[in-house]
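Peer 1: Take a look at the following structure, please.
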Amino acid sequence: VLQNLSQTPVLRELLKEAKMPGTTVKIESPELSMEPQLIKLDQPGPLTLAMYQFLTEVQETKKGVVTPKELFAQVCKKAIRFKGYQQQDSHELLRYLLDGMRAEE
């Protein structure tokens with residue numbers, strides 16, 4: 001899941017802009033015939049910042065292994081079911097990660 005998210009350029013760019021509070025982001029949808037949306041972003045929460053840091057490290061690192069310790073810690077704070085390193089489904093992680101980031105908006 002995290003490897004797939006790290007290869008999503010729109011997500012990386014949005015998180016890059018979101019880390020700066022007070023930024024206004026323009027969201028356009030070529031598929032929909034609607035006006036572009038302007039959204040003013042507040043200070044990102046700890047889960048959003050951890051996700052940004054992880055994606056940045058994945059993109060910029062020259063080493064082969066990246067450990068998402070801080071991101072995992074923030075996910076565990078939002079969803080305690082991930083504590084204890086039990087096996088979980090990847091779609092559950094994706095759901096909790098995205099829901100947690102959305103709740104911080």
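The values are calculated or read from the model by the stated rules, or taken from the named source; none is laboratory data. Everything quoted here is computed from the prediction, not taken from an experiment. The protein model used for the area step is the full one, side chains on, heavy atoms only, and it has no ligands, DNA or RNA in it. Shrake-Rupley method; radii C 1.70, N 1.55, O 1.52, S 1.80 Å.
Peer 1: Please compare each pair in LYS40/LYS78; LYS26/LYS78; LYS26/LYS83; LYS40/LYS83 to a cut-off of 30 Å on the Cα-Cα distance and tell me which ones are over it.
Peer 2: Table pairs above 30 Å Cα-Cα are LYS26/LYS83; LYS40/LYS83.
Peer 1: Carbon-plus-sulfur fraction of the accessible area of the chain, 1.4 Å probe, in percent?
Peer 2: 53
Peer 1: Assuming 0.36 nm per residue, please report the length gained on full extension of the stretch MET34 to GLU60 beyond their Cα-Cα distance. Kindly include the intermediate steps, with their values, before the conclusion.
Peer 2: Numbers: separation 26, 0.36 × 26 = 9.36 nm, distance 3.56 nm.
Answer, rounded to one decimal: 5.8 nm.
Peer 1: Still on this model: Calculate for the chain the 222 nm mean residue ellipticity that helices alone would give, adding -39,500 (n - 2.57) per DSSP H run of length 4 or more and normalising by residue count, nearest 500 deg cm²/dmol.
Peer 2: -15500 deg cm²/dmol
Peer 1: Among VAL75, VAL58, VAL66, determine the one that fluctuates most according to a GNM of the chain built with springs between C-alpha atoms less than 10 Å apart.
Peer 2: VAL66
Peer 1: Compute the helix-to-body angle for 69-78: its Cα long axis versus the longest principal axis of the chain, expressed 0 to 90° and rounded to tens.
Peer 2: Approximately 80 degrees, to the nearest ten.
Peer 1: Tell me, what is the per residue accessible area of the chain in Å², probe radius 1.4 Å?
Peer 2: In whole numbers, the chain has 73 Å² accessible per residue.
Peer 1: Could you give the length gained by full extension between GLU105 and ASP89, i.e. 0.36 nm per residue of separation minus their alpha carbon distance, to one decimal place?
Peer 2: Gain in length upon complete extension: 3.2 nm.
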